[in-house]
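What follows is a set of notes on a single structure, which appears directly below.
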Amino acid sequence: MLEQQSRNCKYFGALTYAVVIQNSDLNNETLQALTGSIQGHIGQLLNDSPQISSHLFILKKLMSDLSMLYIKNPSFANPIWVFLKAMGNDQGSDILTFTASVSRLNSVQLGLLLMYFSILVEDVLKLNDHASAINSAVKKDVFPLLEVTFEYLMYLKENKQLLDDMDIQSLETLNSWMSYIPNNNGDARYDSKEIALIIKFLLQHFQQPVDGNNEQKMASFKLVLQIFNEILEVNSPLLSMEQKLSLYSILFTLGEWGDQFMNQIIFSERREEFTEEVTAFVDLVLTVLQLNAIRLSKSILDASTQNILSIALRLTSIDGTPNSEEFISERMLEFWEELANVYQESNDMFDILFQEAQDPLFRDNFELEKKTIFNEVAKVYWRKIHLPNLSIYKDIRSEFIGYRIAVAEFFIGVYALLKSDFYEMMCESLIEYIGKFSENPVLIADIEATLYLLYKINDDTVYFESQERLITPFSQKIFASNLLGTFKNTSISDDKGHLFNSTLILYIASNEFYFKTSEGNVYLGQVFDMLFPIIMANSSNLSLLASKTATKICEECSLSLTGFLPNLEVIVIEMLRNSSIDSLIRLRMFNAYSVIAKNIGDVNEHAEIIKGMILTINEASQAMMSAVGSTFSESDEEYLVSLVSCLVNIGKGSSLTDEEIEQLLTEQEVNYRQFWKADPLGIKPAVLEIVTKYSLENQTLSQNTMVIEKCLQVFKMGLGESLGGPFEFDQDTIAQYLVSVMENNRNPNAVPYIFGLFESMIVTNFRNLSDELVGGLIDRLFIQRLEFLKTDPDMIKSGIDIFSKIIEYKPSLIIHLPIFVNTIIPFALEGFDANESFIIKSVLKFWITTINLKRGTKDDHEILTRLFIDLGLGKMVTFKLMPSFLRCTRSHLEYYYNVFRSLVGKFPIPFKQWLTESLEELKKTALARTDPKETNMFIHKLMITRGRRTANDVLKLFWLTANGLVEYNSQNF
């Protein structure tokens, strides 16, 4: 194929060599033949000089073939000598000969040799095996020849004879090698002396002036910077201290190459022309700074360190919008964060430094300098996070938000370092901007940036009471400075005003700790005056944010807000009647209103408020239903669901917590219980009217899953109320509603919610429920709708779960009833045949609960024993359990363990017989692949566990054997 004229044929010929080399064990004779053949083909292609460039992709593949021969057989032949021979240099194989050969190569041949050095080491790198013998062979055979080559290149460069193209080729070769050398260890490790020549060659490039008009020179600078960065990042000891100091001097000394590069490229209009070169320079500077962070942190009073940090600060403060016009400040943030972390996490180191200092003022000067450094850096980043021009902001929105978050994290770290002094400086600046705002409205940008950072610090630190106490005086000063008035005329309709108001709202939300104080209470009115117009404007995200903040403040400061209820009532009623208001906003504000209203001491006054809210919901619901008739749009249904959700929120907000009940006097408890038992304002019938209207009377809404869910939640709100309440209904009322909803329901998705209310009744009132009521509910909800329930797996699961719950809490409610034997037991037995894992899980839980009968009476246990032994239920369960267990997946095994353990523990003797018979029956199927001896051993081992945890291992081993599988971690596997 390589003899063909077609370049594609030639390439596939080279590819065929690669397949043979990679997939064969080669003896010496074959190696000799392959090496000679590849060498010959390379020579043929190189002899056709005019076609070398068009044949380069074929040459590269043949070079790689040669590399693979060496990698697989490192002791056979040095691939560099083979390649030299292919180029016509067959005059020996020692260093002196190689030196002479290299010096005779023309520029094309030298370039190809450098290319082969790259390909060879890149192929070694692909192995990703630094323990391989090839690494030692490369160091012994190849690296000395690389050194000789670069010694020659150094000679050319020193005598200004190295062409720019060849220089770039040489640096690309070194780039490949410096991805390899720093990662080697053991015998193949390189040290600073061994690569000294290469480092000298690299450093020599910095003796050339920066020339933005010479693209090749700039490209060579980029490669040199990248190579040094790779070395320092991966294995910095590869550079000797002398070499490092030379590099650092080049980068940071005034007038040196680094200073030229910054002045002529980074801080000029040419920065955008050379983004890759700038990136390489910044990456190297950042790596050097991070490597020396501890040393720099200890020597901030030294002039050399101050010079280095001033350069870092200069790079940080580069002009332009982050992520749009500049990327450097975000990269530099890594160093400043690391420097701050050194100070935070190395207290012992600095204590020793201060103790050893001779100058008594050293510590004070040191702390002052540290404070100055971080204050200066903070000022730079504060300017950087100012909101840019809107057109730019829209293009980089997500990136700029990420930048702001990163800067805020840095400020949080600096606050932890400098404490209240830093926070006070920010607050004083903010108050100054607020004071000058009326004369200079553009200061709104300064105010917004400062508020954003204070919000982030507050949000991160006020989880601790000590921090709340520390920050509270500053919040007092800020709100007293007319902060809220500053934003009074800021429009929320334009994009910039939207962003400014978002930050203000976030800052307000971060001050909830302050609003709970007596000083902060006085500003709540102003806060709500600012928030509610934004909420009512229904301005998408901004209104949602404002509603979230308002709700949060109402919940935290509800005791101080009862006087604000009349104002809030107007807003809440408007929200109920306005269908265009976002549903989540309506719910939040309704919840806030309910929470505040609960703090009214007079139960009658509280009841009046509740009644007003419920009547308003009823009126708004009726108005919408009457307006649209029987056809509802999606938005109509969403609005109506929102209204009934508000009804649920009234229930949530009106119920008393245990803490609130404990604070009531005995007389207050009696009055509260008697009031709601009498319900003089007719609140409970009003609630029932709404629920009935939604879930029973309206044909469309009564089949809506969310409507059914919310209506059922209304009844859940009153369950378990020890003192009663506006949403507490008697058992008969709830039972009748459950029956009515189920009989009216044609929606399978609503059934789990219906059974969910039944389950909540059991959990909260099982002691007071009668078996007649429970039996009646099972008959009407389950037996009479059984065919409907069997049409959907989720409904089947819900039915089984409710039976499990009844048996778990009070077995006597159903275990004595005929329906338990006639309907529930057969239904639960059928469940073993289900394919859905969630049904199987519920079925197994039912049988575990039934067998154990933890809360069963003596009569309950006697009935269970009679069912399992006398009436044969135990055998039926076992005959269903075993095949279900054997066909289940490995991940579901643990669901079955406790059923077996319960049967072994509860019915040890009869269960052994049931198990034996069921396994005999299974022999007729393909489910069990065990011989009689293994089966008998399984039964014996399972029975002697007596239902203890060791049964799990016995069951798992039998399942594996029966299914022809082995354990993952076994030797057989």
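Can you give the angle from 0 to 90° between the axis of helix 666-678 and the longest principal axis of the chain, with both taken from C-alpha atoms, to the nearest 10?
70
To the nearest whole percent, what portion of all C-alpha pairs in the range 843-973 is separated by more than 23 angstrom?
Here the long-distance tail beyond 23 Å is 30 percent of all Cα pairs in the range 843-973.
Return the tail of the calculated pair distribution for the range 33-166, meaning the percent of Cα-Cα pairs more than 26 Å apart.
21
Return the long-range amide H neighbours of Glu326 (sequence gap of 5 or more, or a different chain), with a cut-off of under 5 Å between placed amide H atoms.
So Glu326 has HN proximity to Thr321.
State the label only: which of [x] 40.5, 115; [y] 35.7, 124; [z] 36.6, 130 corresponds to Rg and Dmax of the Cα atoms in Å computed from the shown model?
Among [x] 40.5, 115; [y] 35.7, 124; [z] 36.6, 130, the one calculated here is [x].
For the chain, find the longest principal axis of its Cα atoms and tell me its angle to the long axis of helix 705-716, 0 to 90°, nearest 10.
For helix 705-716, the angle is close to 60 degrees.
Report relative contact order for the chain in percent, whole number only (criteria: Cα-Cα under 8 Å, sequence separation at least 6).
4
Using alpha-carbon positions, what is the distance between the centroids of the range 609-638 and the range 260-275, in Å?
66
Which of rounded, prolate or oblate describes the range 425-584 when judged by the alpha-carbon gyration tensor and an a/c cut-off of 1.5?
It comes out oblate by the Cα gyration axes.
Tell me the relative contact order for the range 689-817 as a rounded percent, counting alpha carbon contacts under 8 Å between residues six or more apart.
That works out to 24 percent.
In what order, largest first, do Thr305, Thr16 sit by accessible area if the probe radius is 1.4 Å? Don't skip to the end; give the middle numbers.
On the way: Thr305 0, Thr16 70 Å².
Sorted descending by solvent-accessible area, the residues read Thr16, Thr305.
Once fully extended, how much extra length lies between Glu830 and Arg866, figured as 0.36 nm per residue of separation less the alpha-carbon to alpha-carbon distance?
Details: separation 36, 0.36 × 36 = 12.96 nm, distance 2.09 nm.
Contour length minus Cα-Cα distance gives 10.9 nm.
Roughly how many Å is it from the Cα centre of the range 141-174 to that of the range 120-134, as a whole number?
One Cα centre to the other: 23 Å.
Which listed residue (Leu110, Phe98, Ile762) has the Cα farthest towards the positive end of the charge dipole for the chain, taking +1 on Lys and Arg C-beta and -1 on Asp and Glu C-beta about the Cα centre?
The residue sitting most towards the positive pole is Ile762.
Quick one: with all protein chains in place, what share of the accessible area of the chain is carbon or sulfur, to the nearest percent (1.4 Å probe)?
It is 49 percent, rounded to a whole number.
Using alpha carbons only, how many angstrom separate the centre of the range 795-838 from the centre of the range 704-730?
Result: 25 Å between the Cα centres.
DSSP loop (so not H, G, I, E, B), at most 11 other Cβ within 10 Å: list which GluC sites (Glu not before Pro) in the range 260-342 pass both filters.
The qualifying sites are Glu269.
Accessible area per residue of the chain at 1.4 Å probe, in Å²?
On the way: 43980 Å² over 973 residues.
Accessible area per residue, the chain: 45 Å².
Pop out the ³J(HN,Hα) list for the range 112-125 in order, Karplus 6.51 cos²θ - 1.76 cosθ + 1.60 with θ = phi - 60°, rounded to Hz; leave Gly and Pro as x.
Result, rounded to whole Hz: 5, 4, 4, 4, 5, 4, 5, 4, 4, 6, 5, 5, 5, 4.
Only sites in a loop by DSSP and with at most 14 other Cβ atoms within 10 Å count here; which GluC sites (Glu not before Pro) in the range 427-530 make the cut?
Listed in order of number, the matching sites are Glu439.
The values are calculated or read from the model by the stated rules, or taken from the named source; none is laboratory data. If you're wondering where the values come from, they're calculated on a predicted model, not measured in any experiment. Cβ atoms come from the backbone with ideal geometry, glycine included; neighbour counts cover every protein chain shown. Just the protein is used for accessible areas: all its heavy atoms, side chains included, with ligands, DNA and RNA removed. Shrake-Rupley method; radii C 1.70, N 1.55, O 1.52, S 1.80 Å.
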